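What follows is a single structure, written as C-alpha coordinates, with notes after it.
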Amino acid sequence: MIEEIKDIFRRKGLKKHASQVPTALTPIKQVRSAVAFIDVSDTSFDACKMAIQAFYRDYDIKGDIFFFDFRKIGKGERLITSIQTTVLLKDLNWFDKPSEEKIGLMLGSNPDLFISLINNNNYPIEFMANCSQAKFKIGRKQLPNGVFDLVISDPPEKELSQLDSFKAIRAFLNKIS
(Lines give C-alpha, C1' and ligand atoms only; values in the text may rest on other atoms or scores of the structure.)
Protein backbone atom coordinates (compact mmCIF):
# COMPACT_ATOMS: atom_id res chain seq x y z
CA MET A 1 0.00 0.00 0.00
CA ILE A 2 2.72 2.49 0.95
CA GLU A 3 4.62 1.69 -2.27
CA GLU A 4 1.56 2.55 -4.37
CA ILE A 5 1.22 5.87 -2.55
CA LYS A 6 4.93 6.56 -3.09
CA ASP A 7 4.52 5.79 -6.80
CA ILE A 8 1.64 8.27 -7.08
CA PHE A 9 3.71 11.03 -5.49
CA ARG A 10 6.74 10.12 -7.60
CA ARG A 11 4.74 10.36 -10.84
CA LYS A 12 3.23 13.68 -9.76
CA GLY A 13 6.70 15.00 -8.84
CA LEU A 14 8.15 13.99 -12.19
CA LYS A 15 5.25 15.53 -14.07
CA LYS A 16 5.48 18.78 -12.11
CA HIS A 17 9.25 19.22 -12.42
CA ALA A 18 9.98 17.61 -15.81
CA SER A 19 12.05 19.73 -18.18
CA GLN A 20 10.39 20.82 -21.41
CA VAL A 21 13.76 21.46 -23.12
CA PRO A 22 14.15 19.24 -26.21
CA THR A 23 17.21 16.99 -26.02
CA ALA A 24 19.43 15.39 -28.66
CA LEU A 25 22.95 14.14 -29.33
CA THR A 26 25.19 17.21 -29.26
CA PRO A 27 28.80 17.54 -30.46
CA ILE A 28 31.25 18.06 -27.60
CA LYS A 29 32.44 21.34 -29.16
CA GLN A 30 28.95 22.78 -28.51
CA VAL A 31 28.98 21.87 -24.81
CA ARG A 32 29.92 24.77 -22.53
CA SER A 33 28.65 23.46 -19.20
CA ALA A 34 27.98 20.03 -17.74
CA VAL A 35 26.88 18.18 -14.66
CA ALA A 36 27.84 14.61 -13.75
CA PHE A 37 26.44 12.31 -11.08
CA ILE A 38 28.52 9.59 -9.48
CA ASP A 39 27.90 7.11 -6.68
CA VAL A 40 30.44 7.14 -3.85
CA SER A 41 29.77 3.47 -3.12
CA ASP A 42 31.61 2.56 -6.36
CA THR A 43 35.25 1.88 -5.49
CA SER A 44 36.41 3.90 -8.52
CA PHE A 45 34.50 7.05 -7.56
CA ASP A 46 37.60 9.11 -6.68
CA ALA A 47 39.44 8.17 -9.89
CA CYS A 48 36.22 8.77 -11.79
CA LYS A 49 35.90 12.24 -10.25
CA MET A 50 39.46 13.04 -11.39
CA ALA A 51 38.73 11.75 -14.92
CA ILE A 52 35.59 13.91 -15.15
CA GLN A 53 37.50 16.99 -13.96
CA ALA A 54 40.22 16.32 -16.56
CA PHE A 55 37.51 15.97 -19.23
CA TYR A 56 36.04 19.33 -18.22
CA ARG A 57 39.49 20.96 -18.41
CA ASP A 58 40.38 19.35 -21.76
CA TYR A 59 37.21 20.67 -23.41
CA ASP A 60 36.98 23.97 -21.49
CA ILE A 61 33.66 22.95 -19.96
CA LYS A 62 32.35 24.62 -16.83
CA GLY A 63 31.30 21.52 -14.94
CA ASP A 64 29.97 20.28 -11.64
CA ILE A 65 30.05 16.83 -10.12
CA PHE A 66 27.30 15.69 -7.78
CA PHE A 67 27.70 12.67 -5.55
CA PHE A 68 25.06 10.22 -4.37
CA ASP A 69 26.04 8.96 -0.93
CA PHE A 70 23.24 6.89 0.57
CA ARG A 71 25.42 5.06 3.09
CA LYS A 72 24.64 5.24 6.78
CA ILE A 73 27.39 7.46 8.18
CA GLY A 74 28.21 6.78 11.82
CA LYS A 75 29.20 9.36 14.42
CA GLY A 76 32.93 8.73 13.99
CA GLU A 77 32.82 8.81 10.20
CA ARG A 78 33.25 11.87 8.04
CA LEU A 79 31.80 12.73 4.68
CA ILE A 80 34.41 12.22 1.93
CA THR A 81 32.82 14.63 -0.57
CA SER A 82 31.63 18.23 -0.47
CA ILE A 83 28.40 18.56 1.51
CA GLN A 84 27.15 21.10 -1.00
CA THR A 85 27.30 18.76 -4.00
CA THR A 86 26.51 15.51 -2.19
CA VAL A 87 22.99 14.13 -2.09
CA LEU A 88 22.68 12.23 1.18
CA LEU A 89 19.92 9.97 2.44
CA LYS A 90 18.75 12.83 4.66
CA ASP A 91 18.39 15.03 1.52
CA LEU A 92 15.62 12.76 0.21
CA ASN A 93 12.01 13.19 1.23
CA TRP A 94 9.74 10.28 2.15
CA PHE A 95 9.22 9.30 -1.50
CA ASP A 96 12.93 9.80 -2.37
CA LYS A 97 12.76 13.20 -4.09
CA PRO A 98 16.01 15.17 -3.56
CA SER A 99 15.79 18.39 -1.55
CA GLU A 100 14.98 21.69 -3.26
CA GLU A 101 18.47 22.91 -2.33
CA LYS A 102 20.20 20.09 -4.27
CA ILE A 103 17.80 20.44 -7.20
CA GLY A 104 18.41 24.20 -7.27
CA LEU A 105 22.18 23.72 -7.25
CA MET A 106 22.00 21.36 -10.20
CA LEU A 107 19.59 23.54 -12.16
CA GLY A 108 21.50 26.72 -11.26
CA SER A 109 24.52 25.71 -13.31
CA ASN A 110 22.23 25.45 -16.38
CA PRO A 111 24.22 22.56 -17.91
CA ASP A 112 24.26 21.71 -21.61
CA LEU A 113 25.30 18.12 -20.81
CA PHE A 114 23.95 15.78 -18.11
CA ILE A 115 25.94 12.62 -17.34
CA SER A 116 24.72 9.95 -14.95
CA LEU A 117 27.24 7.31 -14.01
CA ILE A 118 24.77 5.87 -11.50
CA ASN A 119 24.23 2.23 -12.43
CA ASN A 120 20.57 2.04 -11.49
CA ASN A 121 17.34 3.78 -12.33
CA ASN A 122 16.24 4.58 -8.78
CA TYR A 123 13.99 7.57 -8.22
CA PRO A 124 16.61 10.15 -7.08
CA ILE A 125 18.58 9.93 -10.35
CA GLU A 126 15.37 9.58 -12.37
CA PHE A 127 14.11 12.81 -10.80
CA MET A 128 17.37 14.73 -11.35
CA ALA A 129 17.63 13.58 -14.98
CA ASN A 130 14.02 14.46 -15.70
CA CYS A 131 14.17 17.95 -14.21
CA SER A 132 17.56 18.84 -15.72
CA GLN A 133 17.36 21.46 -18.47
CA ALA A 134 20.38 19.93 -20.26
CA LYS A 135 20.15 19.63 -24.05
CA PHE A 136 22.03 16.31 -24.08
CA LYS A 137 21.58 13.59 -21.45
CA ILE A 138 23.73 10.49 -21.02
CA GLY A 139 23.22 7.57 -18.64
CA ARG A 140 24.13 3.96 -17.96
CA LYS A 141 20.57 2.65 -17.70
CA GLN A 142 17.67 4.08 -19.66
CA LEU A 143 14.95 5.64 -17.55
CA PRO A 144 11.20 5.40 -18.17
CA ASN A 145 10.04 7.60 -21.07
CA GLY A 146 13.50 7.50 -22.70
CA VAL A 147 15.03 10.37 -20.71
CA PHE A 148 18.60 9.70 -21.85
CA ASP A 149 19.67 10.53 -25.40
CA LEU A 150 22.63 8.16 -25.11
CA VAL A 151 22.91 5.06 -22.92
CA ILE A 152 26.28 3.39 -22.44
CA SER A 153 25.31 0.15 -20.73
CA ASP A 154 27.52 -2.51 -19.22
CA PRO A 155 28.31 -5.60 -21.29
CA PRO A 156 26.20 -8.63 -20.27
CA GLU A 157 29.18 -10.54 -18.93
CA LYS A 158 30.41 -7.98 -16.37
CA GLU A 159 29.51 -4.83 -14.51
CA LEU A 160 31.79 -1.91 -15.31
CA SER A 161 33.06 0.58 -12.76
CA GLN A 162 31.96 4.18 -13.07
CA LEU A 163 35.44 5.05 -14.29
CA ASP A 164 35.30 2.47 -17.10
CA SER A 165 31.82 3.68 -18.06
CA PHE A 166 33.00 7.28 -18.13
CA LYS A 167 35.95 6.34 -20.36
CA ALA A 168 33.50 4.71 -22.79
CA ILE A 169 31.26 7.80 -22.69
CA ARG A 170 34.21 10.09 -23.31
CA ALA A 171 35.35 7.98 -26.29
CA PHE A 172 31.85 8.05 -27.73
CA LEU A 173 31.55 11.83 -27.24
CA ASN A 174 34.72 12.29 -29.27
CA LYS A 175 33.03 10.53 -32.21
CA ILE A 176 29.97 12.81 -32.29
CA SER A 177 30.54 15.69 -34.68
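What net charge is computed for the residues neighbouring GLN53, neighbours being all others with C-beta under 15 Å from the C-beta of GLN53, Lys and Arg scored +1, Asp and Glu -1?
On the way: positive: LYS49, ARG57, LYS62, LYS167, ARG170; negative: ASP46, ASP58, ASP60, ASP64.
So the environment of GLN53 carries a net charge of +1.
Go ahead and estimate [θ] at 222 nm for the chain from helices alone: -39,500 (n - 2.57) per DSSP H run with n ≥ 4, summed, over the residue count, rounded to 500. Could the numbers behind the result be given before it?
Working: 5 runs with 62 residues, N = 177.
Taken over the chain, the calculation gives -11000 deg cm²/dmol.
When ligands, DNA and RNA are left out and all protein chains stay put, how many square angstrom of accessible area per residue does the chain have with a 1.4 Å probe?
Details: 9550 Å² over 177 residues.
Here the per-residue accessible area is 54 Å².
Where the only charges are on Cβ atoms (+1 Lys, Arg; -1 Asp, Glu), what is the dipole of the stretch 119-177 about its Cα centre, to the nearest 20 debye? Could the numbers behind the result be given before it?
Numbers: 8 positive and 6 negative charges, 51 e Å.
For the stretch 119-177, the charge dipole is close to 240 debye.
Report, in debye and to the nearest 20, how large the dipole of the stretch 26-177 comes out about its Cα centre when Lys and Arg carry +1 and Asp and Glu carry -1 on their Cβ.
On the way: 20 positive and 19 negative charges, 47 e Å.
So the magnitude is around 220 debye.
Take every DSSP beta bridge whose two residues both sit in the chain, then give the antiparallel share in percent to the nearest 5. Intermediate values should be presented prior to the final figure.
Details: 1 of 20 bridges.
Antiparallel bridges: around 5 percent, rounded to the nearest 5.
Using a 1.4 Å probe and ignoring any ligands, DNA or RNA, find the accessible area of GLU157 and quote it in Å² to the nearest 10.
150 Å²
Working out 0.36 nm times the residue gap between GLN133 and GLU159, then minus their Cα-Cα distance, what length gain in nm do you get to one decimal? Please report the intermediate quantities before stating the final value.
Numbers: separation 26, 0.36 × 26 = 9.36 nm, distance 2.92 nm.
Length gained, GLN133 through GLU159: 6.4 nm.
Please list, in chain and number order, the residues 5+ apart from ILE115 or on another chain whose amide H is under 5 Å from its amide H, with Hs placed from the backbone.
VAL35, ALA36, PHE37, ILE138
Can you pick out the pairs among LYS29/LYS102; LYS49/LYS75; LYS97/LYS141; LYS62/LYS97; LYS62/LYS141 whose Cα atoms lie more than 22 Å from each other?
On the way: LYS29/LYS102 28 Å; LYS49/LYS75 26 Å; LYS97/LYS141 19 Å; LYS62/LYS97 26 Å; LYS62/LYS141 25 Å.
Among LYS29/LYS102; LYS49/LYS75; LYS97/LYS141; LYS62/LYS97; LYS62/LYS141, the Cα-Cα distance tops 22 Å for LYS29/LYS102; LYS49/LYS75; LYS62/LYS97; LYS62/LYS141.
Of the listed values (i) 48, 41, 37; (ii) 45, 32, 29; (iii) 72, 35, 27, grab the one calculated as Cα extents along the principal axes in Å from the structure here.
Read-out taken from this structure: (i).
Could you pull the accessible area for VAL151 with a 1.4 Å probe, rounded to 10 Å²?
Solvent-accessible area, nearest 10 Å²: 50 Å².
Grab the beta carbon distance between LYS90 and VAL21, set R0 = 35 Å, and tell me the FRET efficiency rounded to 0.05. Each step should come with its number before you reach the end.
Details: r = 30 Å, r/R0 = 0.85.
Efficiency at R0 = 35 Å is approximately 0.70.
Working with all protein chains in place, sort MET128, MET1 by solvent-accessible area computed with a 1.4 Å probe, largest first. Walk me through the numbers before you get to the answer.
Values: MET128 0, MET1 165 Å².
Final ranking, largest accessible area leading: MET1, MET128.
Counting only the heavy atoms of the protein chains, how much of PHE70 is accessible to a 1.4 Å probe, in Å² to the nearest 10?
Counting only protein heavy atoms, PHE70 exposes about 80 Å² to solvent.
The values are calculated or read from the model by the stated rules, or taken from the named source; none is laboratory data. Remember, it's a predicted structure, so these values are computed and weren't measured experimentally. Cβ sites come from the backbone with ideal geometry, for glycine too, and all protein chains shown count toward neighbours. Protein only, heavy atoms only, side chains kept; ligands, DNA and RNA dropped before computing areas. Shrake-Rupley method; radii C 1.70, N 1.55, O 1.52, S 1.80 Å.
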